[in-house]
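Colleague: Quick one: the structure is below, and I'll ask about it shortly.
The values are calculated or read from the model by the stated rules, or taken from the named source; none is laboratory data. In this text, all values refer to a predicted model and were calculated from it rather than measured experimentally. Virtual Cβ from ideal backbone geometry, glycine too; neighbours counted across all protein chains shown. In case anyone asks, the SASA skips ligands and DNA or RNA and just uses the protein heavy atoms, side chains included. Shrake-Rupley method; radii C 1.70, N 1.55, O 1.52, S 1.80 Å.
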Amino acid sequence: MTKLGTPAAPLLGAELERELERLLAVPAFEPSPEFRSQALISDASVYGEAERDYEGWWGRQAAELLDWMAPWHTALDQSDAPSYRWFVGGRLNASYNCLDRHVLAGHGDRVAYHWHGQAGEERAVTYGELLGEVQGLAAALRARGIGPGDVVGIYMPMVPEVAVAMLACARIGAPHNLVFLGSSPQTLHQQLSFSEAVALITVDGAIQREGTFRAVKQEIDPVLAELPSLHTVIVRPHRPAPAPMRTDRDLWWKDAVAAGGGECPPEPLDAEHPLYLLYTSGSTGKPKVVVHSTGGYLTGVHWTSKYVFDLKPQSDVFWCTADAGWVTGHSYSVYGPLMNGVSSLMYEGAPDQPHRGIWWELVERYRVSILYAAPTTIRSFMSWGAELPAAYDLSSLRLLGTVGEPINPKAWLWYRTVIGGGRCPIVDTWWQTETGAILVAPLPGVSATKPGAAGRPLPGILPEVFDDDGDPVLEEQGALVLRRPWPSMLRTLYKEDDRYRQTYFGRFDDRSYFGRFSEPAYYVGDVARVDADGHFWIEGRVDDVITVGSERLPSARVESAVVAHPKVAEAGVIGLPDRQWGQVVCAFVTLIGDTRGSTRLEQEIRDVVRERLGEAAVPRRIVWAVDLAKTRSGKIMRRLLRNMAYGLDPGDVTTLRDPRVIDDLERSFAAGADSVS
Ligand code: WT7
């Protein structure tokens, strides 16, 4: 036993492998007494309270957590289901809840963001400064005639001004529509034209994640010219670049602020007023534009950031590593931490720039206490080796989170052991762009956690797993549904309300309404399983299931088995058509370090999969890849792998992080085409 307070020497090499092997046999981890004793929630009674009357319970949370300008009279109105309305009659403002109230309470000097730039620059922005900036920009927008309901596009890197831009829009009731800066000008055009944006807030230049320079404003000018509704473009100097300005439309940030006059009281907005529009990542099908509300969204986001991350505004430094361009960034890089009044770290760069230890250098430097990251990044760190984090002092960390896809048990244990030093609980948080906030996750001071499972639903949330006929099943794979509305749920799909009803409430429509609460069956689109302890195991998207004979194998589960081989860094798994079995498994595999593929390694991987999942899951084809086709949010684009394997056009690749991988993958796939066993 190590003495309390003395950090154990980091485990490396064979010793680490042995420890991870040992931990793989541990079914569940309880919160430590140390963590539990200081946690905001340390007993399970909250679940029962919410269960007894979820509407009333949410009402109490909304009243307690948010500042309202006018009180609401009805917590939930279901009369027009599935168009749910929460906190009916209430008025509030998101920017007031994120900024003014903290400043009024005397916390204006607290750091809102520690910013670390790609070139190593540092900047700290306090709540007071942020409020000043937001007022200035909000007044600027107002001076351009922009008001409640006008859509404003935002196309910016990870700088505190992206939060300023979002909150300035929220202050005047203009729904924002962020477009991830890595998206192409065509994507920007497509999104802003669909949302009929009247203004855009952007930068002159930026450095891409891969380190290449972009003259952003100049590059997007041609597509902006084709947006008839766009009358204002505000440009923030970021990385010096030529930025041709059209005098009737374009303004530098400081000139816009000067023209606005600086003062801008927050607009009292209806609880149901749309706070923002956001595209879903679209790894399958045509993109959808999700509409989020103000009162319900803020309630869900405030509650979950406070209690899932156990936020202590006086002492924590929270680092949600997601770009503001994704929903994770909206909820947990901007609105959640700011509503809680906590200090966050914002980092502009990529995890391997300027070096592969940068995250750990930042954790040490800013004394980060809570880290929230995606499994894909954790797997990259794993493949880069435990020596890198071991070189830094990570003792400030006390809680770790993951989001975005199922995490392989091995990656979970690596995260816990190597990054968390075995002392930090892990919260695996399941949610979607559509859900607005986390819905299934542990409460870190209460819940036991199982590596690879998202755990139990949060208080007030009622997920179930349905079979094909819409009957609930236990300990069996099926379709994940949500049986109750929740405050932060999407309100509709922008301009496509029928599609909203059809996509989310059409699948099990005969089950949609029953009983006193007319409980819906919101169709998630994920395959999941509930175990005997009520823990949810999310297996992946419905479209990512491979059917071999009568066995239905979620890609993510087979991928976990493939990466269990110590030489494998990452795997993307798809089904190939097969006359005998219907489908067989094909695995695209990247290897650790400079390991090279061989028939022997193929055999070993097959053995590992056979041992874990049985014969049906054994990959008939293994393709050695240099890199997998990943979206910018880190998801493997299995559709692209599938289309390629089927000899089809790759389809829409605008969300792909690095389009060059397509050629490499095609070459690797073709190279091994004769060796199908
Ligand atoms: C889909 C939603 C939620 C923010 C980022 C992604 C998958 C998300 C988990 C998790 C297993 C997860 C689901 C979900 N997913 N979190 N903890 N465990 N799967 O948002 O792009 O809207 O994707 O991501 O398949 O439906 P999104």
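Colleague: Arrange the residues His565, His73, His273 by how much accessible surface each exposes, largest first, with a 1.4 angstrom probe.
Modeller: So, going from the largest accessible area down, we get His73, His273, His565.
Colleague: Take each of the peptides 257-265, 520-528, average the number of other beta-carbon atoms within 10 Å over its residues, and list them starting from the highest.
Modeller: 520-528, 257-265
Colleague: Apply 1/(1 + (r/R0)^6) to the Cβ-Cβ distance of Lys286 and Arg579, taking R0 = 41 Å, and write down the FRET efficiency to the nearest 0.05.
Modeller: Once rounded, the FRET efficiency stands at 0.80.
Colleague: Fully extended, how many nm does the chain gain between Glu219 and Gln603 (0.36 nm per residue separation, minus their Cα-Cα distance)?
Modeller: Length gained, Glu219 through Gln603: 133.3 nm.
Colleague: Quick one: putting +1 on the C-beta of Lys and Arg, -1 on the C-beta of Asp and Glu, what dipole do you get for the stretch 535-677 around its Cα centre, in Debye to the nearest 20?
Modeller: Charge dipole, the stretch 535-677, about its Cα centre: 160 debye, nearest 20.
Colleague: Amide H neighbours of Trp115 under 5 Å, at least 5 residues apart or on other chains, H built in the peptide plane: list them.
Modeller: When sequence neighbours closer than 5 places are left aside, the close amide H contacts are Arg123, Ala124, Val125, Met346.
Colleague: For Glu475 and Ser184, what is the calculated FRET efficiency with R₀ set at 35 Å and r taken between the beta-carbons, to the nearest 0.05?
Modeller: The pair Glu475/Ser184 has a calculated efficiency of 0.20.
Colleague: If you don't mind, another one. Can you work out ³J(HN,Hα) from phi for every residue in the stretch 337-350, in order, using Karplus 6.51 cos²θ - 1.76 cosθ + 1.60 and θ = phi - 60°, giving whole Hz and x for Gly and Pro?
Modeller: x, 5, 4, 7, x, 9, 8, 10, 9, 10, 10, 7, x, 8
Colleague: On the accessible surface of the chain, probed at 1.4 Å, how many percent belong to carbon and sulfur atoms?
Modeller: 51
Colleague: Out of all DSSP beta bridges in the chain, what portion is antiparallel? Express it as a percent rounded to 5.
Modeller: 60
Colleague: Leaving ligands, DNA and RNA out of it, work out the accessible area of Asp533 with a 1.4 Å probe and give it in Å² to the nearest 10.
Modeller: Roll a 1.4 Å probe over it and Asp533 shows about 80 Å².
Colleague: Could you go through the stretch 574-582 in sequence order and give the Karplus-derived ³J(HN,Hα) for each residue, using 6.51 cos²θ - 1.76 cosθ + 1.60 with θ = phi - 60°, rounded to whole Hz, and x for Gly and Pro?
Modeller: 9, x, 10, x, 9, 4, 7, 9, x
Colleague: Let me ask something else about it. Can you tell which of Pro157, Gln186, Gly329 lies farthest toward the positive end of the dipole of the chain, using +1 and -1 charges on the Cβ of basic and acidic side chains (Lys, Arg; Asp, Glu)?
Modeller: Pro157
Colleague: Over the chain, what is the mean sequence separation of C-alpha contacts under 8 Å (at least six apart), divided by residue count, expressed as relative contact order in percent?
Modeller: Relative contact order of the chain: 12 percent.
Colleague: Then there is this: So which lysines pass the test for Lys217, namely a Cα distance under 27 Å, with those fewer than 8 places away in the same chain ruled out?
Modeller: Result set, ordered by chain and number: Lys254, Lys288, Lys630.
Colleague: While we're on this one: Once amide H atoms are placed 1.01 Å from N in the peptide plane, what residues at a sequence separation of 5 or more from Met156, or on another chain, have their amide H within under 5 Å of its amide H?
Modeller: Residues meeting the criterion, in which the H sits 1.01 Å from N, are Val179, Leu181.
Colleague: Further question: Taking θ = phi - 60°, what integer Hz values does the Karplus form 6.51 cos²θ - 1.76 cosθ + 1.60 yield along the stretch 66-80, in sequence order, with x for Gly and Pro?
Modeller: Once rounded to whole Hz, the list reads 10, 9, 9, 8, 9, x, 8, 10, 10, 5, 9, 10, 9, 5, 10.
Colleague: Rounded to the nearest Å, what's the spacing between the alpha carbon centres of the stretch 127-206 and the stretch 268-347? Just the number, please.
Modeller: With the stretch 127-206 and the stretch 268-347 each reduced to a Cα centre, they are spaced 16 Å.
Colleague: Starting from the amide H of Ala243, placed 1.01 Å from N in the peptide plane, find each other amide H under 5 Å away whose residue is 5 or more places distant or on another chain.
Modeller: Amide H to amide H, under 5 Å and 5 or more residues apart or across chains, Ala243 pairs with nothing.
Colleague: Then there's this: Heavy atoms only, probe 1.4 angstrom, no DNA, RNA or ligands counted: give me Arg18, Arg416 ranked by accessible area, highest first.
Modeller: Arg18, Arg416
Colleague: Listed highest first by mean packing, meaning other Cβ atoms within 10 Å per residue, what order do 173-184, 205-216, 33-44 come in?
Modeller: Ranked from most to least packed, the peptides come out as 173-184, 205-216, 33-44.
Colleague: What's the Cα-based Rg to Rh of the chain, Rh via Kirkwood?
Modeller: Rg divided by Rh gives 0.95.
Colleague: Additional query: Work out the length of the dipole vector of the chain about its Cα centre, built from +1 on the beta-carbon of each Lys and Arg and -1 on the beta-carbon of each Asp and Glu, and round it to the nearest 20 debye.
Modeller: Here the size comes out at about 600 debye.
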